[in-house]
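For reference, the structure is listed below as structure tokens.
The values are calculated or read from the model by the stated rules, or taken from the named source; none is laboratory data. It should be emphasised that the depicted structure is a prediction, and the values quoted were computed from it without experimental measurement. For neighbour counting, all protein chains shown are included, and Cβ atoms are generated from backbone atoms with ideal geometry for every residue, glycine included. The area values use the complete protein model at the heavy-atom level, side chains included, leaving out ligands, DNA and RNA. Shrake-Rupley method; radii C 1.70, N 1.55, O 1.52, S 1.80 Å.
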There are 2 protein chains.
Amino acid sequence: MGGREPGLRERTRRAVQQEIVETANGLFVARGYENTTIEDIAAAVGMSRRSVFRYFPTKEDIVVGKFDFVAQDMLVALRARPAAEPVWESLRRTFDLLVAYVDAPGQHEVAEPMQRIVFAHRGLLASYLEKLQRMQDAVVSALRERAEASGRPYGADDPVPGAVAGAAFGCLLAAQHAWLAGGAKDSFAGTLDRAMAAVAPRG
Amino acid sequence: MGGREPGLRERTRRAVQQEIVETANGLFVARGYENTTIEDIAAAVGMSRRSVFRYFPTKEDIVVGKFDFVAQDMLVALRARPAAEPVWESLRRTFDLLVAYVDAPGQHEVAEPMQRIVFAHRGLLASYLEKLQRMQDAVVSALRERAEASGRPYGADDPVPGAVAGAAFGCLLAAQHAWLAGGAKDSFAGTLDRAMAAVAPRG
DNA sequence: CCTAACTTGACACCGGGTGACACATCCAGC
DNA sequence: GCTGGATGTGTCACCCGGTGTCAAGTTAGG
């Protein structure tokens with residue numbers, strides 16, 4: 001991340017955010033997303049409705065906001081991959097961060113129902129897809145940098161890097177979908193491997 | 001589509017819907033999406049706020065609702081492709097319906113700014129992505145049918161057909177992105193061709 | 001002409017989200 | 001130790017998207 005040593009202010013803020021997320025997730029899985037109002041969350045945490053909005057811009061962000069961080073980390077991870085590595089492999093390794101998030105043994109019991117909630121609700125799914133899209137845009141930038149560093153830069157409006165990244169994220173989403181549909185029994189990593197083995201960039 | 005002879009009721013309904021869309025699009029382009037309230041639209045069309053919601057479930061649907069129809073048509077188109085054709089080619093041809101929508105010479109002047117509006121607004125982009133996702137789900141079903149008919153069905157939780165479809169839609173989105181970023185000068189079809197040439201299913 | 005189905009407008013209401021203001025707290029610097 | 005400014009919070013008022021309800025109006029069919 002950017003600033004070294006987050007500082008006390010930022011740390012307490014993160015702590016409150018974390019508490020809101022955990023409390024809210026509990027309510028969401030118990031009563032459902034739409035049946036839980038911001039006021040319910042505020043009351044459960046012990047603050048006012050207004051203050052909840054000071055920590056999260058929207059209700060949806062309480063659920064999918066964390067992916068902004070994952071996106072940043074993924075970018076760093078992608079930039080750290082060796083330049084000689086095939087792009088598809090680099091992307092697969094970049095996704096390991098998301099995989100770790102999903103396959104994490106400790107949080108598995110809470111992460112999976114939340115995923116189902118995301119995929120079940122219109123606005124939430126839309127919001128998640130939009131986050132992935134932003135993530136993807138960043139990946140495209142990284143891909144361009146990499147191509148430039150290796151001496152074969154893409155043209156400004158070349159759709160190719162976007163297509164490669166788009167295909168990879170498409171596989172990611174498909175894997176998530178299939179994994180959830182299959183009851184989340186297998187490892188997510190394995191499902192993603194199979195998905196990404198079915199497609200490959202040309203050249 | 002389904003019922004033969006739409007009937008008077010349904011036809012007038014479609015006409016009103018069309019008028020709402022056109023009036024609203026005019027306001028959106030002129031004053032921006034967020035600066036245009038449902039009441040503004042209702043007033044411009046000459047009906048009450050409530051009635052607008054009788055024709056469109058949400059404000060976003062006024063913009064992206066038409067893609068539900070495109071999705072249905074795309075499904076039909078995909079099913080009509082010869083079974084022997086390579087999958088990637090079938091998908092590219094299926095996208096021709098969307099291409100026709102974008103490259104259409106008549107509506108080009110209104111379609112392009114609307115596309116920019118969609119890509120510029122959080123909720124709108126999210127909504128559009130969600131529509132594409134639903135479209136994609138349908139495509140996956142068609143891919144499964146095709147594989148079954150050719151004697152090599154996929155397993156129930158196999159992520160492969162989803163990955164192929166996801167990759168194709170990823171290319172589609174990337175092409176749209178690059179096309180808009182490049183000022184929509186080239187033909188969209190050509191951009192999409194280049195995007196889909198950069199990736200291919202394995203096997 | 002009368003009635004039943006459908007459409008519409010008007011009104012009330014909910015919930016997400018924002019702006020403004022007042023109050024408390026905490027941490028300077030004097 | 002006091003004071004003053006930054007920061008956090010609650011309260012209130014408001015906007016807008018979206019829904020339920022009901023009464024009035026329209027249209028088609030007997």
(request) Output the number of the condition that residue A:71 fails; it satisfies all remaining conditions of (1) near DNA strand C (Cβ under 9 Å from one of its atoms); (2) open to solvent by less than 70 Å² (accessible area, probe 1.4 Å). (result) (1)
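Can you tell me which residues in the range A:102-158 are under 30 Å from residue A:29 (Cα atoms) and of a type in the set (Asp, Glu)?
Correct list: A:103, A:109, A:112, A:130.
Examine the range B:39-60 for a residue that is charged (D, E, K, R) and either within 30 Å of residue B:163 (Cα to Cα) or open to solvent by less than 40 Å² (accessible area, probe 1.4 Å) (or both), and state whether such a residue exists. Please lay out each step first, then the result.
Narrowing the range B:39-60 to residues charged (D, E, K, R): B:39-40, B:49-50, B:54, B:59-60.
With either within 30 Å of residue B:163 (Cα to Cα) or open to solvent by less than 40 Å² (accessible area, probe 1.4 Å) (or both) added as a condition, the list becomes B:60.
Among the residues of the range B:39-60, at least one is charged (D, E, K, R) and either within 30 Å of residue B:163 (Cα to Cα) or open to solvent by less than 40 Å² (accessible area, probe 1.4 Å) (or both), which makes the answer yes.
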(message) For the range A:50-69, give me the residue count where each residue is under 20 Å from residue A:122 (Cβ atoms) and assigned to a helix (DSSP H, G or I).
(response) 7
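Does residue A:72 qualify as being assigned to a helix (DSSP H, G or I) and not assigned by TED's automatic domain parsing to the domain that holds residue A:120? First the steps, then the outcome.
Numbers: assigned to a helix (DSSP H, G or I): yes; not assigned by TED's automatic domain parsing to the domain that holds residue A:120: no.
Spelling it out, it is not the case that residue A:72 is assigned to a helix (DSSP H, G or I) and not assigned by TED's automatic domain parsing to the domain that holds residue A:120.
Yes or no: the range A:82-89 includes at least one residue that is surrounded by 15 or more Cβ atoms within 10 Å (Cβ to Cβ), in contact (Cβ under 8 Å) with a residue 60 or more places away in the chain, assigned to a helix (DSSP H, G or I) and in the same structural domain as residue A:160 (by TED's automatic domain parsing). Spell out how you get there, then give the answer.
The first filter runs over the range A:82-89 and keeps only residues surrounded by 15 or more Cβ atoms within 10 Å (Cβ to Cβ), leaving A:87-88.
So of that shortlist, the ones also in contact (Cβ under 8 Å) with a residue 60 or more places away in the chain come out as A:87-88.
Subsequent filtering for residues that are assigned to a helix (DSSP H, G or I) retains A:87-88.
Filter again for in the same structural domain as residue A:160 (by TED's automatic domain parsing), leaving A:87-88.
Within the range A:82-89, one or more residues are surrounded by 15 or more Cβ atoms within 10 Å (Cβ to Cβ), in contact (Cβ under 8 Å) with a residue 60 or more places away in the chain, assigned to a helix (DSSP H, G or I) and in the same structural domain as residue A:160 (by TED's automatic domain parsing).
If only one of B:16, B:29 is in contact with a Pro (Cβ under 6 Å, 6 or more places away or on another chain) and either in a helix (DSSP H, G or I) or not polar (S, T, N, Q) (or both), which one is it? Before you say what the answer is, go through the steps one by one.
Numbers: B:16 fails: in contact with a Pro (Cβ under 6 Å, 6 or more places away or on another chain).
Result of the check over B:16, B:29: B:29.
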(message) I'd like to check something: does the range B:24-36 contain any residue that is away from DNA strand D (no atom under 13 Å from the Cβ), open to solvent by less than 70 Å² (accessible area, probe 1.4 Å) and not assigned by TED's automatic domain parsing to the domain that holds residue B:120?
(response) yes
(message) Against the conditions (1) over 22 Å from residue A:109 (Cα atoms); (2) near DNA strand C (Cβ under 9 Å from one of its atoms); (3) touching a residue at least 12 places away in the same chain (Cβ under 8 Å), where does residue A:37 fall short? Just the number, please.
(response) (3)
(message) Checking residue A:47 against (1) among the aliphatic types (A, V, I, L, M); (2) part of a helix (DSSP H, G or I); (3) within 13 Å of DNA strand D (Cβ to nearest atom): exactly one of these is not met. Which one?
(response) (2)
(request) Kindly provide the set of residues from the range B:113-164 that are facing chain A (nearest Cβ under 8 Å), modelled with pLDDT under 95 and not in a helix (DSSP H, G or I), ordered by number. (result) B:156, B:157
(message) Looking at B:8, B:27 in this structure, which one is without any contact (Cβ under 8 Å) to a residue 40 or more places away in the chain and within 11 Å of DNA strand C (Cβ to nearest atom)?
(response) B:8
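Quick grid of which residues meet (1) in contact with a strand residue (DSSP E or B) (Cβ under 7 Å, 6 or more places away or on another chain); (2) closer than 23 Å to residue A:199 by Cα:
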{"position": "A:87", "(1), (2)": "yes, yes"}
{"position": "A:91", "(1), (2)": "no, yes"}
{"position": "A:105", "(1), (2)": "no, no"}
{"position": "A:138", "(1), (2)": "no, yes"}
{"position": "A:146", "(1), (2)": "no, yes"}
{"position": "A:156", "(1), (2)": "no, no"}
{"position": "A:174", "(1), (2)": "no, yes"}
{"position": "A:180", "(1), (2)": "no, yes"}
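Looking at residue A:181, is it touching a Ser or Thr at 6+ places or on another chain (Cβ under 8 Å) and at the interface with chain B (Cβ under 7 Å from one of its Cβ atoms)? Full working, then the answer.
Working: touching a Ser or Thr at 6+ places or on another chain (Cβ under 8 Å): no; at the interface with chain B (Cβ under 7 Å from one of its Cβ atoms): yes.
No, not satisfied.
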(request) Pairs only if they're at least six apart or on different chains, beta carbon under 6 angstrom, first in the range B:42-60 and closer than 16 Å to residue B:28 by Cα, second open to solvent by 50 Å² or more (accessible area, probe 1.4 Å); list them, first residue then second. (result) B:42/B:48; B:42/B:49
